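First comes the structure, then the notes that go with it.
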Amino acid sequence: MGAQSTDYIQVVVYGQSLGMGWQSPRAITNVALDNNYMTGSNVNTLYSSGTTTLNPLVAVKWKSGGEQPIVSCVNAYSKAYREKINADQKFIAITAGEGGRTIERLSKECTNEGYYESTFIKSLDNTLAAINGKTVSCSVIIYMQGEHNSVSWRAKDQGLTPGTNGTTDKTEYKDLLLTLKNNMQADILAKYGQSEKPLFFIYKIKDLPVVMAQIEFAEENSDVVLLNPHYAMPDYTNGHLSTNGYRWYGELMSKSLIKKLVNKSDAETLKPTNFDVNGKKITIDYHVPVPPLVLDTWTTPMQSNYGFEVYKNNSVVTISSVELLGDNQVEITCNTDLTGKVEVVYAGTTVNGSGNLRDSDDVGSMYTYYNDSGDSLQESYTPTTQNGGSIYGQSYGLQNWSNMFYYSIGDSDIAGIGDTFSVDNIEYTIT
């Protein structure tokens, strides 16, 4: 799977608003790299004109937003690819889908004003028309969606057929995601005549019920790669990413592409591997791609207990402290004994899907933080350097931030697979 020997290699983003740059007031990645292209006037297919012509790949301001994350992603990815594999390789980037849509509305089977044919298939046809008989293969699909399947009011009337709702069920979402992945890969193989399926990269949303479906889906499918979470990227009122946030996250995505397709190594995420309960303490072992762990309160604002929550019998347990032990452990101390069944949550709803735990990866970014302090739309939080200095002009940090999670821990101190518990009227199913 992955990159193949063709005149053009394509990278596809498919999903909803965060993949398209919604709400960003400007486009800042506007200097094209040689041999990087988009079809038409805008990398977002639904908002592009002249879509059967290749144009230099740049971010553009459009009616609902600006900076599109695929631009920095493909620029950074292609730079590494040309340095290590083929100096003359050409790339084409496309972003398909539409903001505010469920996975059902983005599915091939949708009869409820779907977007699969009108954006994704159209993008493939546009590409074939634009390359004038040259060869093309797609190595990467990046799926950025899930927010509109996380709560029932967002999914209302957004089912596969008219008059039905989108799912908020973890198992149903996973089934739809598997069908979508297989359809997209099959259509790419049929349209482009390539023999190897593109890898399917998925990001994680901030809403926990869908997050665990996404994490589990990546673990169950060898052609699926889990991307880093985006909660550390600056945004507007805990919603759409900021202009810098989109470009920053595009580079964070490119790091995973480079690891898998250029360096031929695993694109690892920071995740818990074991929970141990002893009295009032919970010790969490982590898989840390680049040790040591860091509790970072300058890149993203300080969250309550660094984003950790503990529950016992569905009631909140007060946390006394959260500390790091060595390179790869977190110790949570509570004010009550934790004998019995306990739930541990990181980056849950009470902290808006955010937290402060990351690794120490120091890989460099291609771009630096743009000074957008004069824009009318301001970030809810602008990162600083560790000593509180200005971030403007500094490199984007490409560390691995901890996956969001919720797990049940029983008397055996082992996560209880299949257990269900409810917090703040939200039902969590343990995977």
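The values are calculated or read from the model by the stated rules, or taken from the named source; none is laboratory data. Everything numeric here is computed off the predicted structure, so don't read it as measured data. Here the Cβ positions follow ideal geometry from the backbone for every residue, glycine too, while neighbour counts run over all protein chains shown. Note: areas computed on protein heavy atoms with side chains; ligands, DNA, RNA excluded. Shrake-Rupley method; radii C 1.70, N 1.55, O 1.52, S 1.80 Å.
Listed here are the residues, each with its yes/no results for (1) closer than 22 Å to Leu208 by Cβ; (2) open to solvent by 50 Å² or more (accessible area, probe 1.4 Å); (3) in contact with a Phe, Trp or Tyr (Cβ under 8 Å, 6 or more places away or on another chain).
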residue: Ile284; (1), (2), (3): yes, no, yes
residue: Leu293; (1), (2), (3): yes, no, yes
residue: Tyr311; (1), (2), (3): yes, no, yes
residue: Asn314; (1), (2), (3): yes, yes, yes
residue: Gln329; (1), (2), (3): no, yes, yes
(request) Might you check whether a residue that is more than 23 Å from Ser72 (Cβ to Cβ), out of contact with any helix residue (DSSP H, G or I) (no Cβ under 6 Å at 6 or more places or on another chain) and buried (at least 21 other Cβ atoms within 10 Å of the Cβ) occurs anywhere in region 252-271? (result) no
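Report the residue count in region 1-31 for those that are among the small types (Gly, Ala, Ser) and more than 24 Å from the chain's Cα centre (by Cα).
Summing the residues that are among the small types (Gly, Ala, Ser) and more than 24 Å from the chain's Cα centre (by Cα) in region 1-31 gives 1.
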(request) Could you please tell me which pairs satisfy a Cβ distance under 6 Å, a separation of 6+ or placement on different chains, a first residue in region 290-304 that is touching a residue at least 40 places away in the same chain (Cβ under 8 Å) and of a type outside the set (A, V, I, L, M, F, W, C), and a second residue that is in a strand (DSSP E or B) and open to solvent by less than 40 Å² (accessible area, probe 1.4 Å)? (result) Asp296/Arg358
(request) Considering only residues that are open to solvent by less than 50 Å² (accessible area, probe 1.4 Å) and of a type in the set (S, T, N, Q), look in region 396-414 and name the one that is modelled with the lowest pLDDT. (result) Ser408
(request) Being in a loop (DSSP other than H, G, I, E, B) and within 24 Å of Tyr236 (Cα to Cα) is the filter; apply it to region 27-57 and report the residue that is most open to solvent (accessible area, probe 1.4 Å). (result) Asn30
(request) Kindly provide the set of residues from region 239-277 that are of a type in the set (A, V, I, L, M), under 14 Å from Lys84 (Cβ atoms) and not in a helix (DSSP H, G or I), ordered by number. (result) none
(request) Restrict the check to region 150-162 and report whether at least one residue is touching a strand residue (DSSP E or B) at 6+ places or on another chain (Cβ under 8 Å) and either in contact (Cβ under 8 Å) with a residue 24 or more places away in the chain or within 16 Å of Gly15 (Cβ to Cβ) (or both). (result) no
(request) From the list Thr111, Thr127, pick out the single residue that is open to solvent by 10 Å² or more (accessible area, probe 1.4 Å), of a type in the set (Ser, Thr, Tyr) and either over 30 Å from Lys170 (Cα atoms) or out of contact with any His (no Cβ under 9 Å at 6 or more places or on another chain) (or both). (result) Thr111
(request) Filter region 1-22 down to residues that are under 19 Å from Ala96 (Cβ atoms) and in a loop (DSSP other than H, G, I, E, B), then give me how many there are. (result) 3
(request) For region 367-395, enumerate the residues that are open to solvent by 50 Å² or more (accessible area, probe 1.4 Å), touching a residue at least 40 places away in the same chain (Cβ under 8 Å), touching a strand residue (DSSP E or B) at 6+ places or on another chain (Cβ under 9 Å) and under 22 Å from Ser72 (Cα atoms). (result) Tyr381
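Okay, residues lined up against (1) in a helix (DSSP H, G or I); (2) in contact with a Leu (Cβ under 9 Å, 6 or more places away or on another chain); (3) of a type in the set (D, E, K, R); (4) over 25 Å from Asn182 (Cβ atoms):
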site: Ala59; (1), (2), (3), (4): no, no, no, yes
site: Ala76; (1), (2), (3), (4): yes, yes, no, yes
site: Tyr81; (1), (2), (3), (4): yes, yes, no, yes
site: Asp88; (1), (2), (3), (4): no, no, yes, yes
site: Ile94; (1), (2), (3), (4): no, yes, no, no
site: Glu113; (1), (2), (3), (4): no, no, yes, no
site: Ser118; (1), (2), (3), (4): yes, yes, no, no
site: Asn126; (1), (2), (3), (4): yes, no, no, no
(request) State whether one or more residues within region 171-186 are open to solvent by 20 Å² or more (accessible area, probe 1.4 Å), modelled with pLDDT under 95, β-branched (Val, Ile, Thr) and in a loop (DSSP other than H, G, I, E, B). (result) no
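Can you name the residue in region 283-337 that is assigned to a loop (DSSP other than H, G, I, E, B) and of a type in the set (D, E, K, R) and, of all such residues, is farthest from Thr385 (Cα to Cα)?
Asp337
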(message) Condition first: in contact (Cβ under 8 Å) with a residue 12 or more places away in the chain, closer than 21 Å to Asp235 by Cα and out of contact with any strand residue (DSSP E or B) (no Cβ under 8 Å at 6 or more places or on another chain). Can you find one or more residues in region 67-87 that meet it?
(response) yes
